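The values are calculated or read from the model by the stated rules, or taken from the named source; none is laboratory data. As the structure is a prediction and not an experimental result, all values here were calculated from the model. Heads up, the Cβs are rebuilt from the backbone with ideal geometry, glycines too, and the neighbour counts pull from every protein chain shown. These area figures cover heavy atoms from the full protein model, side chains too; ligands, DNA and RNA do not enter into them. Shrake-Rupley method; radii C 1.70, N 1.55, O 1.52, S 1.80 Å.
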Amino acid sequence: MERHLYIIGNGFDLHHGINSSYRNFRDWLYENEPTVIQDIEEAYGCCDDEWWSDFENQLGSLDILEYASAVASENVPDLMSDHCDRMWNDAQIEVEQSLDGLYSDLRSCFRNWILQLNSPREDKKIELIREGSRFLTFNYSKTLENMYGVPSAQILHIHGCIDDNEEFLLGHCVGEDELRKMIIVNDPEPPSDDDPEAYEQWRMEMEDNHQLHQQLAEDAAVSGVASQQKPVKKLLHRYKDFFDSLYDVTHIHVYGMSFSEV
């Protein structure tokens, strides 16, 4: 008996005339949330068409280190102040709070944008085999349910669905360890926490060089970027039953997937 698996990406909705590209999201932000656009560009730099076409991957970009460095430059500790010890992490705190606010606003805007997307066009309908098939979709829309009448029990919206109260999954594929390996570090690495004396010596040397506050800010930036990684392992575990049900699939159909790294 034939069993079909359909893997559906955003190109599927785009084919049906839904304005669901990341560039459409950018245009919506410009019209409805221009301050969020400003915050994105302040953190990541100039975000052109190419940047937005690869939006999720770009969220994992280390261009954000330039932003952290700029914040550090604006928050250089006054070594003559009696409160100098409390100033070393001023830039770190500002970077943490700014990125937390940015990512929170971005996700809220993304959900609001998804909820207002236009309906699919009937004249773009294609042939799908519904009976006994399974559908793995990375889209948030209900095109499969509403246009093709596919029962929801046969569909896995792995990144969330417009009917769910949960937050839509949005993010990149780069982990914190990988991000840190991508950084070219000229300063000496901090010693292990197991050696407090060596760590304190390193800290004093960094303070003497006016560099500690910048490293703390950059560490905050890397941690913030890493927090936007998609929880792939958790998703595979959460939806294990769905993936286990695919053991007898005989045909795989892929529509609208870019197969980018993310």
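Surface listing: M1, M257 arranged by accessible area from highest to lowest gives M1, M257, probe 1.4 Å.
Exposure check, 1.4 Å probe, all protein chains in place: K142 carries approximately 50 Å² of accessible surface. When we measure straight from the Cα of K234, which lysines land under 25 angstrom away, once same-chain ones fewer than 8 places off are left out? List returned: K142, K181.
Legend: P(r) of the stretch 218-257 from all alpha carbon pair distances, 10 Å bins from 0, whole percents, reading 21, 28, 29, 16, 6. Y22 exposes around 60 Å² of accessible area when a 1.4 Å probe is run over every protein chain in place. The per residue volume of the convex hull around the alpha-carbon atoms of the stretch 6-70 is 91 Å³. A 1.4 Å probe over all protein chains sorts H15, H213 by accessible area into H15, H213, starting with the largest.
Between L5 and D195, the C-beta separation translates, for a Förster distance of 35 Å, into a calculated FRET efficiency of about 0.10.
For the stretch 91-136, the alpha carbon positions stretch 56, 25, 12 Å along the principal axes, listed from largest to smallest. Of the listed residues W28, W113, the order by accessible area with a 1.4 Å probe, largest first, is W28, W113. Surface calculation, 1.4 Å probe, protein heavy atoms: Y199 sits at approximately 70 Å² accessible.
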